[in-house]
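Novice: Structure below; questions to follow.
The values are calculated or read from the model by the stated rules, or taken from the named source; none is laboratory data. Bear in mind that the values here come from a model prediction, so they are computed numbers and not experimental data. With ideal geometry, Cβ positions are generated from the backbone for all residues, glycine too; neighbour counts draw on all protein chains shown. Heavy atoms of the whole protein, side chains included, go into the accessibility calculation; ligands, DNA and RNA do not. Shrake-Rupley method; radii C 1.70, N 1.55, O 1.52, S 1.80 Å.
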Amino acid sequence: MAESVLSASSSGERRRIVPDPAPRVAWDPAGATAASVAPALWDALRDSVLWAETEWERVVEHAAGVEEAIAHLAQLSAAIRQEAAGVPANTGSIPRNALSRRLLGLIRTAFLDRVRRLPPPDPVQLLTVLHAIEVVGQHLEADWSQHFTDRLSSPDGLELVVEVAHDLRSPLTSILFLAETLQRGRSGPVTPIQERQLGLIYSAAFGLSSVASDVIELARGGDRLVDLDPIPFSVSDILESVRDIVQPIAEEKNLTVRLTAPEADFRIGHPVALSRVLLNLTTNALKFTAEGFVEVTAVPRTARCLEFSVRDTGRGIPPQSMATLFEPFRRRQKPGEYTFSGSGLGLSICRKLVEAMGSVMQVETAPGYGTRFYFVLDLPLAGEQQFG
């Protein structure tokens, strides 16, 4: 009858972890004939588990204690023997954690070390045991998808998302800088085709960077204004900057980007937030416009107020999409249906920023007309001397 697993006592008395294994196995690596495993190999496996029991505390970090290690080793030993005997290992009870994987690594290393000291064993028998160890190891591989899900649902899940967004934004910033440097010929002459391609690279990287920024902003509430206090700025400069960024996309689709700026150009407000909203809306308008134009306007409504709008000549937004248009992380639409973005972050952030500037985002849409997003901002006039 098999002996019980190793346990520790106050007197230091030790019992064996590994029961005497069955001397024969039904599994053959080539799938042809049954193979017998020499007692010497079983002894090497047993000694390896015993060695791991005595050495685990020295080489394994963050283990809870000796009882936990002993329990893990007993389960690992039984699973390896089952696999080597041709019986599917019962690995469901073995914790899929770093301790189990580390202990299995100790067993594997010790087993190979002991086999090297033996007379050359039968290759099939050796592979039988090694295969059993590897199969158990595969069962212990971490379920990273579940781990990621658990982490996202934990109290610090939002911080994890923000960390990922930061990690994405850093290399994208480098891509933007390099693309702009090359496009402007600072590293040498570029052909018109190369300039156009670099513009597309810049636009794509800028779009990805904006998504990362949207994630970070949403985690902070989505309505954070970089310019806490209103500052003087040029409305036409913002409109032209938006057009410069999206121009490569427009040219690729043979679309025209039209601008309408007010005569009273210098205003006091929040240019960073305004630029971000207009750029996001314009990029999306180009995405859903196959032919025609995209128009970005700033039209006076009163001496202080300007109505900003982004209109496209696209297909329009279907009624069923309107109810969730401003919701972040909405369910993915069916293929071909209108959606501002896969996550819905962009439009959600736009609405929050518009509200933070004291206005409300509105939308007009109809088949054959296209779509127009618009909002009115109170932007007092700024004298040119103040702006300078």
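Novice: Hey, can you tell me all the residues within segment 266-282 that are open to solvent by less than 30 Å² (accessible area, probe 1.4 Å) and either assigned to a strand (DSSP E or B) or farther than 22 Å from residue 382 by Cα (or both)?
Specialist: Answer for segment 266-282, where residues must be open to solvent by less than 30 Å² (accessible area, probe 1.4 Å) and either assigned to a strand (DSSP E or B) or farther than 22 Å from residue 382 by Cα (or both): 267, 269, 279, 281, 282.
Novice: Follow-up. Output the residues belonging to segment 253-281 that are over 21 Å from residue 350 (Cβ atoms) and charged (D, E, K, R).
Specialist: 253, 263, 265, listed by residue number.
Novice: Looking at (1) modelled with pLDDT under 75; (2) under 30 Å from residue 109 (Cβ atoms); (3) not polar (S, T, N, Q), which is the only condition residue 120 fails?
Specialist: Just one mismatch for residue 120, condition (1).
Novice: To continue, here is another question. Select from segment 254-265 the residues that are surrounded by fewer than 20 Cβ atoms within 10 Å (Cβ to Cβ) and closer than 19 Å to residue 373 by Cβ and list them in ascending order.
Specialist: If the condition is that a residue be surrounded by fewer than 20 Cβ atoms within 10 Å (Cβ to Cβ) and closer than 19 Å to residue 373 by Cβ, then 256, 258, 259, 260, 261, 262 are the ones that fit.
Novice: Quick one: residue 191 ticks every box in (1) at pLDDT 80 or above; (2) over 21 Å from residue 248 (Cβ atoms) except a single one, so which number is it?
Specialist: Only one criterion in (1) at pLDDT 80 or above; (2) over 21 Å from residue 248 (Cβ atoms) is unmet by residue 191, namely (2).
Novice: Now a separate question. Take residue 80 and tell me if it is at pLDDT 80 or above, under 15 Å from residue 46 (Cα atoms) and buried (at least 20 other Cβ atoms within 10 Å of the Cβ).
Specialist: Judged against the criteria, residue 80 is a match.
Novice: On to the next question. Which ones in segment 83-98 are open to solvent by less than 60 Å² (accessible area, probe 1.4 Å) and farther than 25 Å from residue 125 by Cβ?
Specialist: 95, 97
Novice: Hey, another quick one. Please enumerate the residues belonging to segment 291-316 that are open to solvent by 10 Å² or more (accessible area, probe 1.4 Å) and of a type in the set (A, V, I, L, M, F, W, C).
Specialist: Correct list: 293, 299, 303, 305.
Novice: Could you grab me the full set of residues in segment 99-129 that are surrounded by fewer than 20 Cβ atoms within 10 Å (Cβ to Cβ), of a type in the set (S, T, N, Q) and more than 14 Å from residue 41 (Cβ to Cβ)?
Specialist: Hit for segment 99-129 is 109, nothing else.
Novice: Taking segment 81-108, which residues are hydrophobic (A, V, I, L, M, F, W, C) and more than 36 Å from the chain's Cα centre (by Cα)?
Specialist: Selection gives 84, 85, 87.
Novice: State whether one or more residues within segment 281-291 are modelled with pLDDT of 90 or more, on the phi < 0 side of the Ramachandran plot and of a type in the set (Phe, Trp, Tyr).
Specialist: no
Novice: Hey, among the residues in segment 35-52 that are modelled with pLDDT under 80 and not hydroxyl-bearing (Ser, Thr, Tyr), which one's most open to solvent (accessible area, probe 1.4 Å)?
Specialist: Filtering segment 35-52 for residues that are modelled with pLDDT under 80 and not hydroxyl-bearing (Ser, Thr, Tyr), the one most open to solvent (accessible area, probe 1.4 Å) comes out as 38.
Novice: For residue 262, only one of the following conditions fails: (1) touching a Pro at 6+ places or on another chain (Cβ under 6 Å); (2) within 24 Å of residue 196 (Cβ to Cβ). What is its number?
Specialist: For residue 262, the exception is condition (2).
Novice: Moving on to the next point. Scan 158, 172, 178, 208 and give me the residue that is at pLDDT below 80, over 24 Å from residue 286 (Cα atoms) and surrounded by 13 or more Cβ atoms within 10 Å (Cβ to Cβ).
Specialist: Being at pLDDT below 80, over 24 Å from residue 286 (Cα atoms) and surrounded by 13 or more Cβ atoms within 10 Å (Cβ to Cβ) holds for just one of 158, 172, 178, 208, which is 158.
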